Amino acid sequence: SGGSASNYSSAPSGGMGGAGGFEQEVMMEQQKALIQAVMLKLTENAFDSCISKPSSSLSSGEKSCISAVVGKYLDTSELIVHRMQSGSQ
(Lines give C-alpha, C1' and ligand atoms only; values in the text may rest on other atoms or scores of the structure.)
Protein backbone atom coordinates (compact mmCIF):
# COMPACT_ATOMS: atom_id res chain seq x y z
CA SER A 1 0.00 0.00 0.00
CA GLY A 2 3.01 2.32 0.49
CA GLY A 3 3.80 2.07 -3.23
CA SER A 4 0.35 3.34 -4.26
CA ALA A 5 0.66 6.40 -1.99
CA SER A 6 3.89 7.40 -3.67
CA ASN A 7 2.23 6.95 -7.08
CA TYR A 8 -0.50 9.38 -6.08
CA SER A 9 1.94 11.97 -4.79
CA SER A 10 3.98 11.91 -7.99
CA ALA A 11 1.01 11.97 -10.38
CA PRO A 12 0.37 15.76 -10.56
CA SER A 13 4.01 16.51 -11.39
CA GLY A 14 4.33 13.66 -13.85
CA GLY A 15 4.10 15.96 -16.86
CA MET A 16 0.98 14.31 -18.26
CA GLY A 17 -0.95 17.63 -18.37
CA GLY A 18 -3.17 16.65 -15.48
CA ALA A 19 -3.75 18.75 -12.38
CA GLY A 20 -0.55 20.76 -12.87
CA GLY A 21 -1.68 21.98 -16.29
CA PHE A 22 -5.09 22.94 -14.96
CA GLU A 23 -3.59 24.86 -12.04
CA GLN A 24 -1.28 26.72 -14.42
CA GLU A 25 -4.25 27.62 -16.65
CA VAL A 26 -6.18 28.92 -13.64
CA MET A 27 -3.19 31.02 -12.54
CA MET A 28 -2.84 32.46 -16.05
CA GLU A 29 -6.54 33.36 -16.13
CA GLN A 30 -6.24 35.00 -12.71
CA GLN A 31 -3.26 37.03 -13.95
CA LYS A 32 -5.22 38.11 -17.04
CA ALA A 33 -8.14 39.19 -14.84
CA LEU A 34 -5.79 41.13 -12.56
CA ILE A 35 -4.19 42.91 -15.53
CA GLN A 36 -7.63 43.79 -16.91
CA ALA A 37 -8.71 45.14 -13.51
CA VAL A 38 -5.55 47.26 -13.22
CA MET A 39 -6.00 48.61 -16.75
CA LEU A 40 -9.63 49.49 -16.01
CA LYS A 41 -8.67 51.31 -12.80
CA LEU A 42 -5.84 53.15 -14.54
CA THR A 43 -8.17 54.18 -17.37
CA GLU A 44 -10.77 55.41 -14.88
CA ASN A 45 -8.18 57.38 -12.91
CA ALA A 46 -6.70 58.97 -16.02
CA PHE A 47 -10.14 59.86 -17.39
CA ASP A 48 -11.37 61.31 -14.10
CA SER A 49 -8.16 63.28 -13.56
CA CYS A 50 -7.48 64.48 -17.10
CA ILE A 51 -10.63 64.69 -19.19
CA SER A 52 -12.76 67.68 -18.27
CA LYS A 53 -14.94 67.75 -21.40
CA PRO A 54 -15.02 64.53 -23.47
CA SER A 55 -14.78 65.07 -27.23
CA SER A 56 -13.73 63.15 -30.32
CA SER A 57 -10.03 63.86 -29.73
CA LEU A 58 -7.66 64.62 -26.87
CA SER A 59 -6.07 68.01 -26.37
CA SER A 60 -2.32 68.23 -25.87
CA GLY A 61 -2.92 69.04 -22.19
CA GLU A 62 -5.10 65.95 -21.78
CA LYS A 63 -2.48 63.78 -23.46
CA SER A 64 0.21 65.17 -21.15
CA CYS A 65 -1.98 64.60 -18.12
CA ILE A 66 -2.73 60.99 -19.12
CA SER A 67 0.96 60.38 -19.71
CA ALA A 68 1.75 61.77 -16.24
CA VAL A 69 -0.95 59.65 -14.55
CA VAL A 70 0.31 56.47 -16.27
CA GLY A 71 3.93 57.40 -15.50
CA LYS A 72 3.16 57.86 -11.80
CA TYR A 73 1.37 54.52 -11.72
CA LEU A 74 4.28 52.71 -13.39
CA ASP A 75 6.85 54.40 -11.12
CA THR A 76 4.83 53.48 -8.04
CA SER A 77 4.39 49.89 -9.21
CA GLU A 78 8.12 49.57 -9.83
CA LEU A 79 8.90 50.97 -6.37
CA ILE A 80 6.49 48.51 -4.73
CA VAL A 81 7.99 45.55 -6.61
CA HIS A 82 11.53 46.56 -5.61
CA ARG A 83 10.52 47.00 -1.97
CA MET A 84 8.78 43.63 -1.93
CA GLN A 85 11.81 41.96 -3.51
CA SER A 86 14.15 43.65 -1.01
CA GLY A 87 11.96 42.61 1.90
CA SER A 88 11.87 38.98 0.83
CA GLN A 89 15.64 38.63 0.57
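The values are calculated or read from the model by the stated rules, or taken from the named source; none is laboratory data. Just so we're clear, the structure is a prediction, and the values are computed from it rather than from any experiment. FYI the Cβ positions are ideal-geometry reconstructions off the backbone, even for glycines, and counts take in every protein chain you see. The accessibility values were calculated without ligands, DNA or RNA, using every heavy atom of the protein model including side chains. Shrake-Rupley method; radii C 1.70, N 1.55, O 1.52, S 1.80 Å.
One table, with the values for the structure above:
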read-out	value
Extension gain, LYS53 back to LYS41 (0.36 nm per residue minus Cα-Cα distance, nm)	2.4 nm
Backbone HN-Hα couplings from phi across the range 73-89 [Karplus 6.51/-1.76/1.60, Hz, Gly and Pro as x]	4, 5, 4, 5, 4, 4, 4, 4, 4, 5, 5, 5, 5, 5, x, 8, 9
Whole-Hz ³J(HN,Hα) from phi, Karplus 6.51 cos²θ - 1.76 cosθ + 1.60, for the range 32-46, glycine and proline x	4, 4, 5, 4, 4, 5, 5, 4, 4, 5, 5, 4, 4, 4, 5
Cα-based reach from LYS72 at 19 Å (exclusive), listing lysines while leaving out same-chain residues under 8 positions away	LYS41, LYS63
Efficiency of FRET from Cβ geometry, LYS32 and ALA68, R₀ 25 Å, rounded to 0.05	0.40
Three semi-axes of the equivalent ellipsoid, the range 36-78, Cα gyration tensor, whole Å, largest first	19, 12, 7
Carbon + sulfur, % of accessible area of the range 19-89 - ligands and nucleic acids excluded, 1.4 Å	60
